[in-house]
Each structure stands twice: as C-alpha cells, then as structure tokens.
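The values are calculated or read from the model by the stated rules, or taken from the named source; none is laboratory data. This is a predicted model, so every value here is computed, not measured. Note that we place each Cβ from the backbone using ideal geometry, even for glycine, and neighbour counts take in every protein chain shown.
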Amino acid sequence: MPRKKQTHDTSEPQPVPPKTATDLANELHEILHGYARDTESSLEKAKARLRTEVIPVLKKHRVANIEASYSGYGDSGAIDGLQYRDAAGQRVERTKLPQETIEALEEALYELLPEGFETDDGGQGTLTLDVPTGRLSLRHEENYTATSESSREWHV
C-alpha cells in the first residue's frame, strides 16, 4: 500500500490579534462567575454532608451543640478546637463519637469558614451548630493593621 507523502507547513505562524478590553472583561467575568459557582457548590456540599452524615450521628450520641473556634494569620489558619455539648450543656467527650463523623464534621466546617480568615493579619471566630435545629451560626472577627497620624503645633 502506498504511503501518503507528508507535507510540512513552512509558512510562518500568524500573529494572534491582541485582546480588546471587552474580551478581557468577558474573560474576567467568566473566571469570577466560575469561582462563585464553585464556592457555592462547595458550600452546598458541606451543608448536605452535615445534614445527611453528621447530624444524625450526633443526635444518636445526644450531642445538642457544637462550638468550633478557629483562627489564622499570615496565610495559615485552622480550627483550633471543637466542643461538644448535650442538651443540658454538659460536655460530651470526643472519644464517644465515631472518628469518621468527627472527620466529616471538620471537613464540612472548613468549607464554611470565612474566605481569607488566614490571610495577612487574619481573623478568628466561632462556628456554632445547634444540632436539633440544624442551625449553624458564625461569629467572625477580622484583624487589620491601621495607622493613625496626628500632628500638633505650638507657638512659644
């Protein structure tokens, strides 16, 4: 069977026309829209995981309230601790809960932390989950450095 003769394109590549401001604005809009969509999707997955995997197990173990404190700065941050309490406000020991439930809870909570809490001067706060109602509340404090300038003059 005869082989096809391969030909090589010896013409120079054509320059790509520069993008217009409208092209760049459209690209930026698409990037930001995709980011917002991904963020919302992650949030919904975290809430669904809490609702279907975590809360039923917590109820079974008589946990009524969870408080997660977090903090961060300088591009590093974490959940500092979790406290589990029953309906009477008494502490429920973490060791009485299944490890996979604790891991699922922590993974979901990380998705709910405020974006950028670990950046620059950082921030800190508390996520509280009321297990019976499924209500999750966030109390967040943002840190920042400020400079205040003043001057005075006297005539002596």
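Tabulated values for the structure
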read-out: The one condition in (1) over 21 Å from Gln124 (Cα atoms); (2) loosely packed, with under 12 Cβ neighbours inside 10 Å that Lys59 fails to fulfil; value: (2)
read-out: Residue in region 25-44 that is within 30 Å of Thr145 (Cα to Cα), in contact (Cβ under 8 Å) with a residue 24 or more places away in the chain and not in a helix (DSSP H, G or I) present; value: no
read-out: Count - residues of region 111-126 that are within 10 Å of the chain's Cα centre (by Cα) and either loosely packed, with under 14 Cβ neighbours inside 10 Å or outside any loop (DSSP other than H, G, I, E, B) (or both); value: 4
read-out: Selection status of Ile31, modelled with pLDDT of 95 or more and not polar (S, T, N, Q); value: no
read-out: Residue check, Leu105 modelled with pLDDT under 95 and either in a loop (DSSP other than H, G, I, E, B) or not hydroxyl-bearing (Ser, Thr, Tyr) (or both); value: no
read-out: Residue in region 81-99 that is closer than 28 Å to Ala36 by Cα and outside any loop (DSSP other than H, G, I, E, B) present; value: no
read-out: Residues located in region 85-110, provided they are in contact with a Lys or Arg (Cβ under 7 Å, 6 or more places away or on another chain) and either surrounded by 18 or more Cβ atoms within 10 Å (Cβ to Cβ) or under 21 Å from Glu142 (Cα atoms) (or both); value: Val92, Ala104, Ala108
read-out: For Arg62: the one exception among (1) out of contact with any helix residue (DSSP H, G or I) (no Cβ under 6 Å at 6 or more places or on another chain); (2) part of a helix (DSSP H, G or I); (3) at pLDDT 80 or above; (4) not small (Gly, Ala, Ser); value: (2)
read-out: Pairs where the first residue, in region 69-81, is within 15 Å of Asn143 (Cα to Cα) and free of Cβ contacts under 8 Å to residues at least 40 places away in the same chain and the second is assigned to a strand (DSSP E or B) and not aliphatic (A, V, I, L, M), C-beta under 8 Å, 6+ apart; value: none
